[in-house]
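Okay, so here's the structure we're looking at.
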Amino acid sequence: MTDAGDGPERRVRRRRIVRMLGGWAILVSLFLLWQTLTYRGLMALAAEWQFNTFGRYYPSLTYVLLATVIASPVLWLLRGGDRDGEVVGGEGAVIAPSPLPGRAFIRTILGVAAGCAVICLAVLIAMMSLPGDTGAVQRVVVGSPAAVDPRTGPTELSGALLRGRTAGLSQDLLVARRTIRFAPMLSPAGDHAEPVRYFVEIGADENAATMQGNGLREGILRRGGLPGELEYLFRYAGYDVATPYYVLFASRAALQWPYRVAAIQLALVGLICLIAAGGLHLRRERLRRRLHDHDSRHTDPLP
């Protein structure tokens, strides 16, 4: 038997706990997503382990697995129905577990979808703030005073390109795949002891024979911008990477690519969560009507 007076208080306490746990699961998922996009913390450690073990890094798969493992205890608690919400057997009877999908679980999925939408919007805003390909082309010679603090945007960069020190990265994402390569560029004198302040994107169809031999490269200059994996790789290889450093991208499309792909992935995850929440809600309503019809048929009419 269940004390009817304690039921509402227990339900309120349980709902508060469920909301806290659901919020924690959402924060964990979004925090791991931020680490994936910025190559930090746990995701960076997982990436380096994959590089050392498999020679490759799978960011999307790694994120999904880590988010699922960390949030699985909470999702398990939220999976069930409203255990305090169904009274069977008439007045004063015990409260029985319900087979209905839990409202808290559905709200958690909707929260993940909302979080994906917010981050997707932030990614798109960040993409729009990237340097453009319009305006006057600045000419920068690596090692000159003007190269210390250049402006971003269309740039013609001149220096000694270290073709033999090109580093590449294959990115296998949920909706796209590409291989990118970058090489350091030093001053025309080629002093290898100087800090590396400039990196240049190498096109997929370029090789040592097709690269310009005069050390001139044109593209869009951005402060920072190396994939975190490659920045760590250059540092581990013994290069003194300057702070700040600059990257000359071959085109605006190449500059925007990771942002565009991240926004598409976030939109897809959010859409999947919305569809899942809608399906669970419909199932919940069907089961609720079925339970109501069953109780109506088995309830004795009042005298």
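Key figures for this structure:
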item	result
Checking A262 against (1) modelled with pLDDT under 85; (2) over 26 Å from L30 (Cα atoms), the condition it does not meet	(2)
Pairs where the first residue, in the range 163-178, is open to solvent by 70 Å² or more (accessible area, probe 1.4 Å) and at pLDDT 65 or above and the second is part of a loop (DSSP other than H, G, I, E, B) and aliphatic (A, V, I, L, M), C-beta under 8 Å, 6+ apart	R163/A208; R163/M211; R165/A237
Residues within the range 280-297 that are open to solvent by 80 Å² or more (accessible area, probe 1.4 Å) and touching a residue at least 24 places away in the same chain (Cβ under 8 Å), tallied	3
Flag for P150 being within 27 Å of the chain's Cα centre (by Cα), part of a loop (DSSP other than H, G, I, E, B) and surrounded by 16 or more Cβ atoms within 10 Å (Cβ to Cβ)	no
Contacts under 6 angstrom Cβ, first residue in the range 216-229 being assigned to a strand (DSSP E or B), partner open to solvent by 20 Å² or more (accessible area, probe 1.4 Å) and among the basic types (K, R), 6 or more apart	I220/R252
Single condition A277 does not satisfy, out of (1) within 22 Å of R177 (Cα to Cα); (2) of a type in the set (A, V, I, L, M); (3) open to solvent by less than 20 Å² (accessible area, probe 1.4 Å)	(1)
Checking T53 against (1) over 13 Å from the mean Cα position of the chain (by Cα); (2) polar (S, T, N, Q); (3) modelled with pLDDT under 70, the condition it does not meet	(3)
Residues that are touching a Gly at 6+ places or on another chain (Cβ under 7 Å) and modelled with pLDDT of 75 or more, drawn from the range 202-231	I220, L221
Which listed residue is open to solvent by 20 Å² or more (accessible area, probe 1.4 Å), at pLDDT 85 or above, under 30 Å from V269 (Cα atoms) and not basic (K, R), from I109, I125	I125
Number of the condition not met by R197 [criteria: (1) open to solvent by less than 50 Å² (accessible area, probe 1.4 Å); (2) at pLDDT 85 or above]	(1)
Every pair of residues 6+ apart whose Cβ atoms lie under 7 Å, when the first sits in the range 246-260 and is over 22 Å from W34 (Cα atoms) while the second is open to solvent by less than 50 Å² (accessible area, probe 1.4 Å) and assigned to a helix (DSSP H, G or I)	F249/L255
The range 238-270, subset in a helix (DSSP H, G or I) and over 15 Å from the mean Cα position of the chain (by Cα), residue surrounded by the fewest Cβ atoms within 10 Å (Cβ to Cβ)	A253
Single match in R15, R40, R11 (criterion: open to solvent by 90 Å² or more (accessible area, probe 1.4 Å) and modelled with pLDDT under 70)	R15
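The values are calculated or read from the model by the stated rules, or taken from the named source; none is laboratory data. Keep in mind that what you see is a predicted model, and the values were worked out from it rather than measured. Note that each Cβ is placed from the backbone with ideal geometry, even for glycine, and that neighbours are counted across all protein chains shown. Quick note on the areas: whole protein, heavy atoms, side chains included, nothing else; ligands and nucleic acids left out. Shrake-Rupley method; radii C 1.70, N 1.55, O 1.52, S 1.80 Å.
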